[in-house]
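The values are calculated or read from the model by the stated rules, or taken from the named source; none is laboratory data. If you're wondering where the values come from, they're calculated on a predicted model, not measured in any experiment. Ideal geometry is used to build each Cβ from the backbone, glycine not excepted, and the neighbour counts take in all protein chains shown. Ligands, DNA and RNA are excluded from the accessible area calculation, which covers all protein heavy atoms including side chains. Shrake-Rupley method; radii C 1.70, N 1.55, O 1.52, S 1.80 Å.
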Amino acid sequence: MLDFLTYTFPISGVTTNVLIPPLVAFIVSFFTSMGGVSGAFLLLPFQVSVLQYSSPGVSGTNFIFNVVAIPSGVYRYHKEKRIPWPLAWVVMIGTVPGIIIGYYIRIKILPDPKSFKFFVGLVLFYIGVRLFLDAFKKKKAETQKKFDQKLTKEATVKTISFSLKRTEYEFWGERFSFSTIWVFIVAFVIGVIGGAYGIGGGAIMSPFLVTFFKLPVHSIAGACLMGTATASVFGVLYYAILPSPAGLQTSPDWLLGLLFGIGGAFGIYLGARMQKHVPQKYIKLILSILVVYIALRYIIQFFY
């Protein structure tokens, strides 16, 4: 009945109904954006497994999705003064150089990234489990309840100090701090992984900031999205411009990425708008389930 909406994308060779990419991106991004994740890490396996798009160009296509989709969420978080800009800058500066290394790993060392995906799967699985357990820690329940009750009135970020050694900011009437250099190092490593798979890095960065650096998820979401968007701009350029081995399709599918991005833009904006009305516990649960899901996919495929 809707055959007239079926289209074959010339670059990727994908044949699908043109409404499917934006619809899938909207649903995924609405939930993941609450935790500072664009949803690209879930769209990648969707493209590979459902749309049968598995060449290195799929990573560049995922970056296009991020570039188009994320600005709406960043705008929302910025409008509500919920972006800790020092954290955002550290994440951006750390991630970008890692992206180009990840690009060369993808096309020269791991054109068939089975083993690398297995490693990433193990890391994500550990982070996902930590997030899941952290959401149910009883000792934090009372404090978290107090924070959640404050969200609609006090959910703004105020920078207290920013240095190469340590950064501190105020949120929910409480002060939080992190090691600037360690966040930079983590962002760089995540940039390498993000460059190889086109996930921007937010899917890994957000759980790390919450689990290991003990930062509240409501305060880091905008910074993670900002870092992912910046890294994705460079990711698209790398995959579109840099030379690749003969016979290897690395150019992103611009139209397919745009369709994903349009759906993602609406999903991320609405997710960012709804985030402060959703308790931390549920955001952590959503993130942990999604992270464990993709981790298990990567791990299981290693054995087949």
### In the stretch 86-134, the residues that are of a type in the set (S, T, Y) and within 18 Å of the chain's Cα centre (by Cα)
T95, Y103, Y126
### Query
Scanning the stretch 1-22 for residues that are surrounded by 15 or more Cβ atoms within 10 Å (Cβ to Cβ) and out of contact with any strand residue (DSSP E or B) (no Cβ under 8 Å at 6 or more places or on another chain), which turns out nearest to P45 (Cα to Cα)?
P21
### Summary
Flagged pairs (Cβ under 6 angstrom, 6 or more apart or on separate chains; first in the stretch 66-89, among the charged types (D, E, K, R); second open to solvent by 20 Å² or more (accessible area, probe 1.4 Å)) are R76/Y269; R76/R273; K81/T156; R82/V157
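What number of residues within the stretch 184-224 are over 27 Å from G261 (Cβ atoms) and either buried (at least 24 other Cβ atoms within 10 Å of the Cβ) or in contact with a Lys or Arg (Cβ under 6 Å, 6 or more places away or on another chain) (or both)? Working first, answer last.
Step one: of the stretch 184-224, the residues over 27 Å from G261 (Cβ atoms) are 184-185, 211-216.
Now drop any that are not either buried (at least 24 other Cβ atoms within 10 Å of the Cβ) or in contact with a Lys or Arg (Cβ under 6 Å, 6 or more places away or on another chain) (or both), which leaves 211.
Residues that pass the stated criteria total 1.
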### Summary
Restricted to the stretch 36-85 and to residues being under 17 Å from the mean Cα position of the chain (by Cα) and among the hydroxyl-bearing types (S, T, Y), the residue farthest from T180 (Cα to Cα) is T61
### Residue list for the stretch 251-270, filter: open to solvent by 10 Å² or more (accessible area, probe 1.4 Å) and under 20 Å from G191 (Cα atoms)
S251
### Query
When the stretch 229-265 is examined, which residues are found to be in a helix (DSSP H, G or I), closer than 15 Å to T61 by Cβ and polar (S, T, N, Q)?
S232
### Task
Would you please name the residue that is nearest to F136 (Cα to Cα), looking only at residues in the stretch 289-304 that are open to solvent by less than 30 Å² (accessible area, probe 1.4 Å) and at pLDDT below 85?
V291
## Note on the structure
Picking from I199, I220, I268, I190, the residue that is assigned to a helix (DSSP H, G or I), among the β-branched types (V, I, T), under 17 Å from L43 (Cα atoms) and in contact (Cβ under 8 Å) with a residue 24 or more places away in the chain would be I268
### Task
Would you check which residues across the stretch 23-32 are modelled with pLDDT under 85 and either touching a strand residue (DSSP E or B) at 6+ places or on another chain (Cβ under 6 Å) or of a type outside the set (A, V, I, L, M, F, W, C) (or both) and list them?
T32
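Criterion first (surrounded by 20 or more Cβ atoms within 10 Å (Cβ to Cβ), at pLDDT 90 or above, out of contact with any Cys (no Cβ under 9 Å at 6 or more places or on another chain) and closer than 24 Å to F162 by Cα) does T61 satisfy it?
Numbers: surrounded by 20 or more Cβ atoms within 10 Å (Cβ to Cβ): yes; at pLDDT 90 or above: yes; out of contact with any Cys (no Cβ under 9 Å at 6 or more places or on another chain): yes; closer than 24 Å to F162 by Cα: no.
When the stated conditions are applied, T61 does not pass them.
Quick one: would you say L51 is at pLDDT 90 or above, surrounded by fewer than 20 Cβ atoms within 10 Å (Cβ to Cβ) and of a type outside the set (K, R)? Walk me through how you get there before you give the answer.
Working: at pLDDT 90 or above: yes; surrounded by fewer than 20 Cβ atoms within 10 Å (Cβ to Cβ): no; of a type outside the set (K, R): yes.
For L51, the condition - at pLDDT 90 or above, surrounded by fewer than 20 Cβ atoms within 10 Å (Cβ to Cβ) and of a type outside the set (K, R) - is not met.
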